[in-house]
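For reference, the structure is listed below as structure tokens.
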Amino acid sequence: MDIFTLAEANLISPPILFFVLGLIAAFVRSDLSIPEAIAKALSLYLVMAIGFKGGAEMAAGDLNWSVGGAILAGIVLSALLPILGFGLLMLTTKVGRIDAAAIAAHYGSISIVTFIAASDAARFLDTPGEGFMVAVAAAMEAPAIVTALILAGSAARASNGAEGHGESRLSVLKEIAANGSIVLLIGAFFIGWMTGPRGMMAVSPFFNDIFRGVLCLFLLDMGLVAGRGLLRNWRVLKPGVIGFGLYMPLIGALAGMGTGLAVGLDGGSLGLLMTLAASASYIAVPAALRLALPEARPAISLTLALGITFPFNLVAGIPLYFWLARLVTGTGG
Amino acid sequence: MQTSLKKRLEIIIEMPAVPRLEGVLEKAGVKGWTVLPAKSGRGANGSWSREGQITSAGRMVMVLVIIDPAVLDTVLERVYALLERQIGIVMVSDVQVVRAERF
């Protein structure tokens, strides 16, 4: 399958089209909206389903050293990508050191929604990855924050230590580990792993049959949120920062490709790792950074991650990463 | 009916910082407070809205506190120490309450 066929298959899939519909609705200032509580419930369902399915798939397969290798690869990527992102931001934009560190943390960490969309696209494209990639996704959430705090240097230390109100790096890690999405992702993964294919059969109508429909509804909401975020805060995004939101995913994906090949991932899993490395967090990291680096301006990092990088990955990045992954691993054309 | 003069603090703060603010209030001896959701708004750091959001980072809340005027300075100092780096605003006003012993 060539890149154009992959891109076309991705673009005309219902979830992507609903996301585009959400963007359009936001840009024409429609009053269409998904209530906050429903959006939250949809995200919990998707995280729960992807975690459970990953665990069940891992239980059905052979457990070997590649699981540890993939998780280690994810941790290394998450820890090192912020250094690259921070350097590029400092060199090519006028954002301050604290904002650069905050943005870099978002890009070292991962977007679980992008991962869910990529997992769905991978199945749609007939190249599903290994179930343990869910564990890789969870492992990649936190290391980027630690790197970003080190990068922020003295300003971060001042923020962390002053008057005892700041967060130590350990407590920031605890904050991320206790984030509801991550607790649910890891918990559902272990439940899926423990109950295996039998457990999956028991809950298949809930986790499989309605999954794509719920994903469509959720991506409609994400389109609305991304579009409205851009409309509200586009002024804070200078051209250099917007450029970063478009080229950093490609750099991350290439780094993910190199790392994934080094640990011997198959085509589907490699595509997922590239997607994870290319994505930017907008759930767990922004909340943790509001405590760890409160001086950073969330309007920049959140608008960039959600308004620029997320749509880019969803529409163009995912097919590109899977095409490259299939090319370099020799799976598919 | 007998009423008493108290101070009303309205603190608009980012949702992720609420647990820490509550800790500060508790340590300062404040007996009670109420956290109210804020829908959307605009400030020095740009616009925000809780609509459709799945992260707490972009959300704001208002913490409503009624305290005795005698402890106002102590509470404000501690709240300010937290808020000087966070996004947020603090308003202080006079208020009449019934059942003064509760505050």
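Could you report the range A:166-234's accessible area per residue, 1.4 Å probe, as an integer in Å²?
Each residue of the range A:166-234 exposes 48 Å² on average to a 1.4 Å probe.
Taking each pair of distinct Cα atoms in the range B:4-102 once, what is the resulting Kirkwood hydrodynamic radius in Å? Intermediate results must be reported in sequence, preceding the final value.
Details: mean 1/r = 0.0705 Å⁻¹.
One over the average 1/r among Cα pairs gives 14.2 Å for the range B:4-102.
How much accessible area per residue does the range A:37-152 have, counting only protein heavy atoms and a probe of 1.4 Å, in square angstrom? Show your work: numbers first, answer last.
Details: 3800 Å² over 116 residues.
Dividing the accessible area of the range A:37-152 by its residue count gives 33 Å².
What percent does the relative contact order of the range B:4-102 come to when contacts are Cα pairs within less than 8 Å and at least six residues apart? Don't jump to the answer; show the numbers that get you there.
Numbers: 153 pairs, mean separation 50.7, N = 99.
Over the range B:4-102, the number comes to 51 percent.
Per DSSP H run of at least 4 residues, take -39500 (n - 2.57); add these up for chain B, divide by its residues and hand me the 222 nm value, nearest 500 deg cm²/dmol. Walk me through the numbers on the way to the answer.
On the way: 2 runs with 22 residues, N = 103.
Taking each H run of at least 4 residues, the total per residue is -6500 deg cm²/dmol.
Helix hunt in chain A: which complete DSSP H runs extend at least 27 Å axially by C-alpha with mean Kyte-Doolittle at least 0.5? Don't skip to the answer; put the middle values down first.
Numbers: long enough: A:36-60 (36 Å, 1.03); A:65-92 (40 Å, 1.99); A:211-233 (32 Å, 1.07); A:239-262 (35 Å, 1.35).
In chain A, the long hydrophobic H runs are A:36-60, A:65-92, A:211-233, A:239-262.
In Å², nearest 100, what accessible area do chains B and A bury in total when the solvent probe is 1.4 Å?
Rounded to the nearest hundred, the buried surface is 2400 Å².
Run the dipole for chain A about the Cα centre, Lys and Arg Cβ at +1, Asp and Glu Cβ at -1, nothing else charged, and hand back the magnitude in debye, nearest 20.
Numbers: 18 positive and 18 negative charges, 162 e Å.
Magnitude of the dipole: close to 780 debye.
Let me know the mean shielding of A:284-297 by other chains, meaning the per-residue number of their Cβ atoms within 10 Å of its Cβ.
On the way: counts 3, 2, 5, 9, 2, 2, 10, 8, 1, 1, 10, 3, 1, 4.
If you average over the peptide's residues, the count of other-chain Cβ atoms is 4.
Measure nothing but the geometry: give the 0 to 90° angle between the long axis through the Cα atoms of B:72-83 and the longest principal axis through the Cα atoms of chain B, rounded to 10°.
Taking the Cα atoms of chain B, the angle to B:72-83 is about 10 degrees.
Note down the relative contact order for chain A as a percent, whole number, built from C-alpha pairs under 8 angstrom at least six residues apart. Before the final figure, lay out each step's value.
On the way: 561 pairs, mean separation 110.7, N = 333.
After rounding, I find 33 percent.
Send over the semi-axes of chain A's equivalent ellipsoid, whole angstrom and largest first, taken as the square roots of 5 times the C-alpha gyration tensor eigenvalues.
On the way: eigenvalues 165, 104, 83 Å².
Three semi-axes, in Å: 29, 23, 20.
Picking from B:23, B:89, B:40, whose Cα lies most toward the positive end of the charge dipole for chain B (charges on Cβ: Lys, Arg +1; Asp, Glu -1)?
Positive-end residue among those listed: B:40.
For the range A:260-331 and the range A:1-61, what is the separation of their C-alpha centers, rounded to whole Å?
A separation of 15 Å, based on Cα centres.
Have a look at A:202, A:139, A:280 and tell me which one the Gaussian network model of chain A (Cα, springs below 10 Å) gives the largest fluctuation.
Among A:202, A:139, A:280, the largest mean-square fluctuation in the Gaussian network model of chain A belongs to A:202.
Could you work out the mean count of beta carbons from other protein chains within 10 Å of each residue's beta carbon in B:43-51?
Counting Cβ atoms of other protein chains within 10 Å of each residue's Cβ and averaging gives 6.
With charges set only on the Cβ (+1 for Lys and Arg, -1 for Asp and Glu), what does the dipole of the range B:4-102 come to about its Cα centre, in debye to the nearest 20?
Values: 14 positive and 11 negative charges, 43 e Å.
Its charge dipole is roughly 200 debye.
Accessible area of the protein assembly as shown with a 1.4 Å probe: how many percent of it is carbon plus sulfur?
On the way: 11650 of 17910 Å².
Carbon and sulfur: 65 percent of the exposed surface of the protein assembly as shown.
Summing -39500 (n - 2.57) over the DSSP H runs of n ≥ 4 in chain A and dividing by its residue number, what mean residue ellipticity at 222 nm do you reach, to the nearest 500 deg cm²/dmol? List each step's numbers first, then the result.
Working: 16 runs with 247 residues, N = 333.
Calculated at 222 nm, the ellipticity per residue is -24500 deg cm²/dmol.
What is the mean number of Cβ atoms from other protein chains located within 10 Å of the Cβ atom of each residue in peptide A:224-235, rounded to a whole number?
Values: counts 2, 7, 1, 0, 5, 7, 0, 1, 6, 4, 0, 2.
What the average comes to for A:224-235 is 3.
The values are calculated or read from the model by the stated rules, or taken from the named source; none is laboratory data. The model shown is predicted, which means the values in this text are computed figures rather than measured ones. Heads up, the Cβs are rebuilt from the backbone with ideal geometry, glycines too, and the neighbour counts pull from every protein chain shown. Surface accessibility is based on the protein's heavy atoms, side chains included, excluding ligands, DNA and RNA. Shrake-Rupley method; radii C 1.70, N 1.55, O 1.52, S 1.80 Å.
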